[in-house]
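Step one of this worksheet: look at the structure below.
The values are calculated or read from the model by the stated rules, or taken from the named source; none is laboratory data. It should be emphasised that the depicted structure is a prediction, and the values quoted were computed from it without experimental measurement. Note: ideal-geometry Cβ built from the backbone for every residue, glycine included; neighbour counts use all protein chains shown.
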Amino acid sequence: MLALLAGAGCNHARTSVADFATERERMVKEQIVMRGVMEESVLEAMRKVPREEFVPEEFRAASYDDRPLPIGYDQTISQPFIVAFMTEQLRPQAGDRVLEIGTGSGYQAAILAELVAEVYSIEIIEPLAKMAEATLQRLGYKNVHVKAGDGYKGWPEHAPFDCVIVTCAPDHVPKPLVEQLKEGGRMIIPVGPFGEQDLYLLEKENGELRQRAVSPVRFVPMTGEAVERK
C-alpha cells in the first residue's frame, strides 16, 4: 500500500455508477497506458474492477484520481498506476496461485483475482482484513482467500505459490516468502526504508533468486516480524 501523497482532499460530490465507469476508462487510458503498461489482460482487469468499492465513502468521488487514498489505520489504497505496473511485472497466468502480502482495501487482490486461479492475501491489521474480505465477498470474488496475520511468515499451508506480491516495504526480502515461492516463480516487492525504496522483481531459478530493480517507489513499511528482524 503506497503512502498517501500530500495534498489529498476529501470533499467531493456524489458520483454515479455511470460516471465511475467513464472515470475508470479514463484512468486506464491516461494514467496507465500512457505510462507504458500494455498487457491487455491487466488493462481489462483495471477497466473491470470498481475501485470506488474499495475506498471509504468520503473519498469515493476521488476513486480514479492519480494518487493513493487513505483507507484508515494509517494505510492507503495504492495509486492505480502502481497496481497495474506491479501486476504487469508479475506476469500472472490463468492457472496461477498468488500470495499477496498486505491486503489493505482488497483492490490489488481483486485485480489479481480477474487474472489467476487463486489469491491468498494476508493483512496484519485485523479490521482491514475483515473489511477487505467482506468487500471481496460482496463483489463475488470467490477465488480470494483473506486472513489476518503477519505477512512476513507467508502462508505455508498453501505454498508453494507461482507468484508473490508484496505491497508493504521490508528492509530485506523475507526468507519465508522466498521459500514459499515455486521454482520458476516470480515475486515483486518494495525493499528499503521509507523514501529510499526500490521495487524489485525476483525470479527463482534452481533455488536461487535473480533480481532486478524496476522502479523507485514509496510504500508503507512492513510491520510485525519484519521490524524485529532488522
Check your understanding: Does the stretch 3-29 hold any residues that are in contact with an Asp or Glu (Cβ under 8 Å, 6 or more places away or on another chain), at pLDDT 50 or above and part of a loop (DSSP other than H, G, I, E, B), and which are they?
Key -> THR15
Study note, to complete from the structure: Scanning the stretch 177-218 for residues that are under 15 Å from VAL98 (Cα atoms) and either without any contact (Cβ under 8 Å) to a residue 12 or more places away in the chain or not in a strand (DSSP E or B) (or both) gives LEU177, VAL178, GLU179, GLN180
Point to revise | Those strands (runs of 3 or more DSSP E) lying entirely in the stretch 53-151 with at least 3 residues crowded, with 21+ Cβ neighbours inside 10 Å and touching a residue at least 40 places away in the same chain (Cβ under 8 Å) | key: 75-77, 97-101
Check your understanding: What are the residues in the stretch 152-176 that are more than 16 Å from GLY224 (Cβ to Cβ), part of a loop (DSSP other than H, G, I, E, B) and of a type in the set (Phe, Trp, Tyr), if any?
Key -> none
Review point. Could you say whether any residue in the stretch 162-171 is over 17 Å from the mean Cα position of the chain (by Cα) and not acidic (Asp, Glu)?
Key: no
Revision key, fill the gap. Here the residues within the stretch 30-52 that are within 17 Å of ILE82 (Cβ to Cβ) and loosely packed, with under 14 Cβ neighbours inside 10 Å are GLU30, MET34, ARG35, GLY36, MET38
Point to revise | Qualifying position, being under 24 Å from TYR73 (Cα atoms), of a type outside the set (Ser, Thr, Tyr) and in contact with an Asp or Glu (Cβ under 6 Å, 6 or more places away or on another chain), among VAL220, VAL146 | key: VAL146
Practice item. State whether the residues of the stretch 41-48 include one that is under 17 Å from the mean Cα position of the chain (by Cα), closer than 25 Å to GLY149 by Cα and either at pLDDT 95 or above or among the acidic types (Asp, Glu) (or both). Key: no
**Study point:** Unmet criterion (only one of (1) of a type in the set (S, T, N, Q); (2) at pLDDT below 95; (3) assigned to a helix (DSSP H, G or I)) for THR223
**Key:** (3)
Review point. How many residues are among the basic types (Lys, Arg) and over 17 Å from the mean Cα position of the chain (by Cα) when one looks only at the stretch 172-195?
Key: 2
Point to revise | Enumeration of residues in the stretch 203-224 that are of a type in the set (Lys, Arg) and closer than 19 Å to GLU123 by Cα | key: ARG218
